[in-house]
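Written out below as structure tokens is the structure these notes cover.
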Amino acid sequence: MLSVTQTVAVLAFAWLIRRIFCFRNLALAYKGVPSRIVLFSPFIALTFYTPLQWIEIPGVLLSRPKTYREDYDAFEAIGSDIFVVIHMLPLGAQFMLANANLIRDVSAARTSFPKPVGDYEAVSMYGTNMIGAEGHDWARHRKACASSFSDRNSQLVWDSASQTMQEIFTSWSGQPEIRLPVTRVWTLRIALLVLSAAGFGMSTPWEESDAPESQRSTSFQKILSDALDDLPWKFVLPNFVWGSEAEREDVAVAGWVGRGWLGKRARQAAVTFSALERHITDIIDERRESGFNEKQKDLLSNLIGASGEGEGGLTLREVTGNIFVFLLAGHETSAHSLAFMFGLLALYQDEQERLYQHIKAVLGDREPTYNDFNSLDRVLATIHETLRLYPPVTGVPKHCVQDTLVNMGGEGADDTRTIRVLKGTRLSIQIAAVSHNPHYWDDPWAFNPSRFLKDPSRARDETFLTFSTGARSCIGRRFSEVESVAVATLLLLRYKISVDKALFKDIAGEDDLAKRHRFLKIDARITIFPVDAPLIFTRRY
């Protein structure tokens with residue numbers, strides 16, 4: 001008779017042998033495909049949303065790229081624009097894709113390669129939404145949100161951005177020089193105020209005051225920022241520790257986290273999530289109580305208007321969920337892209353001067369309006385080049401739900417080799433790697449906005465994936481582009497941007513690219529952002 005210890009040891013040994021056997025079979029199934037074999041998956045929450053994401057141990061763990069240049073380096077080192085990562089814990093495989101043709105085919109085959117909805121549970125904590133839905137459910141959400149992104153709404157975005165910038169300039173009046181030690185803090189506030197006004201009809205002045213509306217806005221900004229900082233807790237900790245939805249309706253902070261069993265920091269995250277939910281539901285309730293203005297067709301009005309409309313209508317929980325993801329996507333991504341762009345213009349003074357002269361040539365001595373958007377093509381090209389170099393989201397996940405045969409080079413490519421992608425295999429569309437792939441972009445690490453002026457169609461083709469591709473391409477693209485063009489144009493008309501050399505010292509012998517990587521050092525929350533990028537804005541006139 002075996003003892004308990006011996007029984008456990010035998011079972012553990014049997015499990016290990018079986019795991020090794022399955023791991024070997026998986027490796028054999030993908031024999032002939034360029035591969036990396038590691039012990040731990042780099043794609044699970046514990047390794048992807050913690051400091052482990054930056055650690056690489058050969059044969060044990062892959063690290064996340066520390067600079068954008070490293071995104072394509074992995075493909076270059078392996079000699080292929082597609083490779084598979086095979087990992088034992090948990091057992092599985094994930095294809096890494098930097099081949100635009102194959103990405104197009106995978107994105108189009110939505111039945112075989114849908115979005116892994118389970119990966120988006122954290123951003124669906126307030127309700128199912130367009131990001132976390134798939135299939136018919138996604139189409140229902142998309143339809144409810146689509147009418148919010150009309151040309152009329154773009155005009156509202158421009159006007160809201162202009163109003164915010166004019167208030168900023170007023171607050172800077174009399175100061176020949178403005179210093180921003182952490183640029184993204186400033187751009188995050190701009191993006192939130194523009195989204196609040198154009199998306200939710202909440203116009204808030206830039207200057208804080210004792211007025212209730214100003215205090216409420218400041219509180220909302222703080223809670224939203226804290227919630228985004230704490231979002232990795234939702235990815236790392238399983239759902240049951242947060243308590244059931246029914247529990248949270250009675251006690252906002254419930255479950256193991258609410259009882260403090262996982263520590264004070266986790267409980268504080270739950271308190272923040274609960275406070276943000278109250279803010280969002282208050283916004284919804286106020287709009288519903290105030291009634292609808294037919295001319296007020298912003299995102300909030302359309303979402304509330306789509307609630308309860310029979311079978312295809314959104315529930316109020318889904319309205320709340322969609323508002324949260326638009327706060328996340330429309331606020332953080334735009335803000336970080338603006339911070340990267342201003343940092344690049346500070347580093348590349350010649351490009352900044354070309355951009356300024358272009359703006360002056362288009363506008364003369366007058367202020368820009370939304371009607372100037374199409375004429376300000378170099379501003380938009382600069383934004384696109386920034387997004388190519390620094391896409392806020394570096395990868396998009398897919399998973400295979402049935403064994404599927406794919407062409408390694410994509411349909412119509414010279415490479416006609418095929419791969420059978422096994423059910424359960426994951427795929428990652430590597431946006432940043434495609435953006436830096438020398439097969440698609442000349443001198444891919446150079447900051448060269450003119451590439452989008454010479455061929456404007458590049459901003460819409462399958463090698464520019466910042467706004468994703470296929471049916472699920474970013475619904476808020478126009479919103480982001482209009483906001484960014486308005487903010488950049490108004491700022492550059494009045495101010496010259498330069499690096500704050502008191503906070504960022506030059507290093508003798510450092511090359512241009514190394515300097516850029518150091519100045520625009522990246523970190524990741526939900527999206528990628530520049531850590532500091534200290535800037536000086538000097539008044540032009």
Looking at (1) modelled with pLDDT under 95; (2) over 13 Å from residue 337 (Cα atoms), find the lone condition where residue 522 falls short. (2)
Considering the range 179-201 alone, what residues qualify as being farther than 21 Å from residue 534 by Cα and open to solvent by 20 Å² or more (accessible area, probe 1.4 Å)? 201
Which residues, taken from the range 148-177, are closer than 16 Å to residue 477 by Cβ and either at pLDDT 95 or above or small (Gly, Ala, Ser) (or both)? 148, 150, 154, 158, 161
Residue 167 being of a type in the set (Asp, Glu), within 28 Å of residue 401 (Cα to Cα) and out of contact with any strand residue (DSSP E or B) (no Cβ under 6 Å at 6 or more places or on another chain): no
For the range 280-291, give me each residue that is surrounded by 17 or more Cβ atoms within 10 Å (Cβ to Cβ) and either at pLDDT 85 or above or under 24 Å from the mean Cα position of the chain (by Cα) (or both). 280, 283, 284
Give the range 93-110 a look and list any residue that's closer than 10 Å to residue 399 by Cα and among the polar types (S, T, N, Q), or say none. 94
Find all pairs meeting these conditions: Cβ atoms under 9 angstrom apart; at least six residues apart or on different chains; first residue within the range 335-355 and more than 15 Å from residue 487 (Cα to Cα) and among the basic types (Lys, Arg); second residue open to solvent by 10 Å² or more (accessible area, probe 1.4 Å) and part of a helix (DSSP H, G or I). 354/378; 354/450
Cβ-Cβ under 9 Å pairs, at least 6 apart or on other chains, the range 419-443 side at negative phi, far side polar (S, T, N, Q) and open to solvent by 60 Å² or more (accessible area, probe 1.4 Å): 423/402
Output yes when any residue across the range 149-165 is free of Cβ contacts under 8 Å to residues at least 60 places away in the same chain, open to solvent by 30 Å² or more (accessible area, probe 1.4 Å), part of a helix (DSSP H, G or I) and touching a helix residue (DSSP H, G or I) at 6+ places or on another chain (Cβ under 9 Å), and no when none is. yes
Residue 272 passes all but one of the listed conditions (1) modelled with pLDDT of 85 or more; (2) open to solvent by 30 Å² or more (accessible area, probe 1.4 Å); (3) among the hydroxyl-bearing types (Ser, Thr, Tyr); the exception is number (2)
Could you please give the count of residues in the range 308-326 that are open to solvent by less than 30 Å² (accessible area, probe 1.4 Å) and at pLDDT below 85? 1
If you take the residues of the range 217-253 that are touching a His at 6+ places or on another chain (Cβ under 9 Å) and either modelled with pLDDT under 80 or not in a helix (DSSP H, G or I) (or both), which of them is most open to solvent (accessible area, probe 1.4 Å)? 219
Which residues, taken from the range 167-205, are outside any loop (DSSP other than H, G, I, E, B), in contact (Cβ under 8 Å) with a residue 40 or more places away in the chain and β-branched (Val, Ile, Thr)? 178, 183, 187, 190, 194
Looking only at strands (runs of 3 or more DSSP E) that lie completely in the range 455-541, which have at least 3 residues being surrounded by 18 or more Cβ atoms within 10 Å (Cβ to Cβ), at positive phi and in contact (Cβ under 8 Å) with a residue 60 or more places away in the chain? none
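Test residue 191 against the stated conditions and say whether it is modelled with pLDDT of 85 or more, under 30 Å from residue 520 (Cα atoms) and out of contact with any His (no Cβ under 6 Å at 6 or more places or on another chain).
Details: modelled with pLDDT of 85 or more: yes; under 30 Å from residue 520 (Cα atoms): yes; out of contact with any His (no Cβ under 6 Å at 6 or more places or on another chain): no.
Criteria not met by residue 191.
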The range 57-115, subset open to solvent by 40 Å² or more (accessible area, probe 1.4 Å) and in a strand (DSSP E or B), residue modelled with the highest pLDDT: 89
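Do we find that residue 133 is farther than 28 Å from residue 366 by Cβ, among the small types (Gly, Ala, Ser) and surrounded by fewer than 19 Cβ atoms within 10 Å (Cβ to Cβ) in this structure?
Values: farther than 28 Å from residue 366 by Cβ: yes; among the small types (Gly, Ala, Ser): yes; surrounded by fewer than 19 Cβ atoms within 10 Å (Cβ to Cβ): no.
For residue 133, the condition - farther than 28 Å from residue 366 by Cβ, among the small types (Gly, Ala, Ser) and surrounded by fewer than 19 Cβ atoms within 10 Å (Cβ to Cβ) - is not met.
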Qualifying positions in the range 116-130 - open to solvent by less than 30 Å² (accessible area, probe 1.4 Å), farther than 26 Å from residue 407 by Cα and either in contact with an Asp or Glu (Cβ under 6 Å, 6 or more places away or on another chain) or not small (Gly, Ala, Ser) (or both): 123, 125, 126, 127, 129, 130
Identity of the residue in the range 336-363, aromatic (Phe, Trp, Tyr) and surrounded by fewer than 23 Cβ atoms within 10 Å (Cβ to Cβ), that ends up nearest to residue 534 (Cα to Cα): 348
Identity of the residue in the range 1-55, modelled with pLDDT of 85 or more, open to solvent by less than 60 Å² (accessible area, probe 1.4 Å) and assigned to a loop (DSSP other than H, G, I, E, B), that ends up nearest to residue 423 (Cα to Cα): 30
Where residues in the range 364-421 are of a type in the set (Ser, Thr, Tyr) and open to solvent by less than 40 Å² (accessible area, probe 1.4 Å), which of them is modelled with the lowest pLDDT? 394
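The values are calculated or read from the model by the stated rules, or taken from the named source; none is laboratory data. Because the structure is a prediction, the values reported are computed rather than measured. Reconstructed Cβ throughout: ideal geometry from the backbone, glycine too, with neighbour counts over all protein chains shown. Side chains included, ligands, DNA and RNA excluded: accessible areas come from the protein's heavy atoms. Shrake-Rupley method; radii C 1.70, N 1.55, O 1.52, S 1.80 Å.
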